[in-house]
1. Select from region 52-85 the residues that are of a type in the set (A, V, I, L, M), open to solvent by less than 40 Å² (accessible area, probe 1.4 Å) and either in a loop (DSSP other than H, G, I, E, B) or in contact with a strand residue (DSSP E or B) (Cβ under 9 Å, 6 or more places away or on another chain) (or both) and list them in ascending order.
2. Across region 240-254, which residue is farthest from residue 172 (Cα to Cα) among those that are assigned to a loop (DSSP other than H, G, I, E, B) and not aromatic (Phe, Trp, Tyr)?
3. Of all residues being touching a Pro at 6+ places or on another chain (Cβ under 9 Å), surrounded by fewer than 24 Cβ atoms within 10 Å (Cβ to Cβ) and part of a helix (DSSP H, G or I) in region 187-197, which is modelled with the highest pLDDT? Just the residue, please.
4. Across region 287-306, which residue is nearest to residue 46 (Cα to Cα) among those that are in a loop (DSSP other than H, G, I, E, B) and either hydroxyl-bearing (Ser, Thr, Tyr) or within 13 Å of the chain's Cα centre (by Cα) (or both)?
5. Test residue 283 against the criterion of being touching a residue at least 12 places away in the same chain (Cβ under 8 Å), outside any strand (DSSP E or B) and under 18 Å from the mean Cα position of the chain (by Cα), and give yes or no.
6. List the number of the failed condition for residue 173; all other conditions in (1) of a type outside the set (Phe, Trp, Tyr); (2) open to solvent by less than 10 Å² (accessible area, probe 1.4 Å); (3) under 23 Å from the mean Cα position of the chain (by Cα) hold.
7. Kindly establish whether residue 277 is of a type in the set (Gly, Ala, Ser), open to solvent by 50 Å² or more (accessible area, probe 1.4 Å), more than 26 Å from residue 179 (Cβ to Cβ) and not in a loop (DSSP other than H, G, I, E, B).
8. Can you tell me which residue is farthest from residue 115 (Cα to Cα) among those in region 262-312 that are at pLDDT below 90 and among the hydrophobic types (A, V, I, L, M, F, W, C)?
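The values are calculated or read from the model by the stated rules, or taken from the named source; none is laboratory data. Keep in mind it's a predicted model, so treat the numbers as computed, not measured. Heads up, the Cβs are rebuilt from the backbone with ideal geometry, glycines too, and the neighbour counts pull from every protein chain shown. With ligands, DNA and RNA removed, areas are computed over all heavy atoms of the protein, side chains included. Shrake-Rupley method; radii C 1.70, N 1.55, O 1.52, S 1.80 Å.
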Amino acid sequence: MKTSFLAVSLALASAVGVVAPTAAQDAYPSRPLTLVVPFPPGGATDVLGRMVAQKLGQELGGTVVVENRAGAGTVIGASFVAKAAPDGYTLLVSSGTTFTVNPAIRSNLPYDPVKSFEPIGIVARTGLALLANPKVPVKDLKEFVAYANDPANNQPPYGSFGTGTTAHFVGEAFMAAAKLKMTHVPYKGSSPAMTDLIGGQIPFSVDTVAAALPQSKQGKVRVLAVSSPKRSGFLPDVPTFAEQGYPSVAMDTWLMVAAPRGLPAHVKSRLEQALRATVESPEVKKSLEAQGFEAAFTSAADGEALIQQELPLMREVAQRANIKID
């Protein structure tokens, strides 16, 4: 009888040991998730983040709340996520600015682009564009260079959606390639930069194709060039920088969802599956394309590889163009 009781007790203990972790795994998520956008409301990344958050919450059977933590070229928002608990409840959606550009131009980052983050997947891509206020007499890069070199224009300003962002990176890379001297005006996000460009407070700006597309359609801005390796399908009539004589200015921007490094394997797997389903859903694809984004899910492993691949390239470009923030 004692042996039978002991056997039963061990069997029950073993069963509990197997079932308890499974139940805990199945409980995720048991509360709302936070998706941090390191830009102000209204910009391209914020718009995308809100699209993804709504559908991702549905796929997870819970809620994903967007929280804007803007400033310092995404450093504020990225640092917040890097220091959060790696439990799957705090996520970041950001561009290569966070993961490959900041490390190339900032010497004292409060996070490590590889060690601090666990990619969940790349969700979208969009090109960057050089924009002009329509009242400025510039229609292509040849006229742009002539205008910028005119002493009467006194090193004209150009805006970007933040110091050290991909927009700033493209702007400075072009200035170096064209041997121009201009004044960079950083904004805390795409929306305020676009507002000042349309209002004439600045004559030029670099922004995403996604942000420029609706304004271009309404004639509020003029698109002079796109920085992607090939023409944007959203702006097929706009030539690339390379086509206009500047092959070194060739890059697009990608947006990734990441978590603090150290996620439990089952949480990472659940998030990756839900994010893939989110991006590949017809409604999200349609919404992204309407905003000028190409929906393009890339796995967590491929996201890791992309960061590792781009980091040395961005450092090389930054050194060549002398782009520094610190």
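1. From region 52-85, those of a type in the set (A, V, I, L, M) are 52-53, 56, 60, 64-66, 70, 72, 75-76, 78, 81-82, 84-85; that's our starting set.
Applying the additional criterion that residues be open to solvent by less than 40 Å² (accessible area, probe 1.4 Å) yields 52-53, 56, 60, 64, 66, 70, 75, 78, 81-82, 84.
Those that are of a type in the set (A, V, I, L, M), open to solvent by less than 40 Å² (accessible area, probe 1.4 Å) and either in a loop (DSSP other than H, G, I, E, B) or in contact with a strand residue (DSSP E or B) (Cβ under 9 Å, 6 or more places away or on another chain) (or both): 52, 53, 56, 60, 64, 66, 70, 78, 81, 82, 84.
2. From region 240-254, those assigned to a loop (DSSP other than H, G, I, E, B) are 241, 245-251; that's our starting set.
Now drop any that are not not aromatic (Phe, Trp, Tyr), which leaves 245, 247-251.
Numbers: 245: 16, 247: 14, 248: 12, 249: 10, 250: 13, 251: 13 Å.
Checking each candidate, the answer is 245.
3. Among those residues, the one meeting the criterion is 192.
4. Of all residues in region 287-306, those in a loop (DSSP other than H, G, I, E, B) come to 291-293, 299.
Checking which are either hydroxyl-bearing (Ser, Thr, Tyr) or within 13 Å of the chain's Cα centre (by Cα) (or both) leaves us with 293, 299.
Working: 293: 13, 299: 22 Å.
Here the residue is 293.
5. no
6. Only one criterion is unmet by residue 173, namely (2).
7. Details: of a type in the set (Gly, Ala, Ser): yes; open to solvent by 50 Å² or more (accessible area, probe 1.4 Å): no; more than 26 Å from residue 179 (Cβ to Cβ): yes; not in a loop (DSSP other than H, G, I, E, B): yes.
No, not satisfied.
8. Here the residue is 290.
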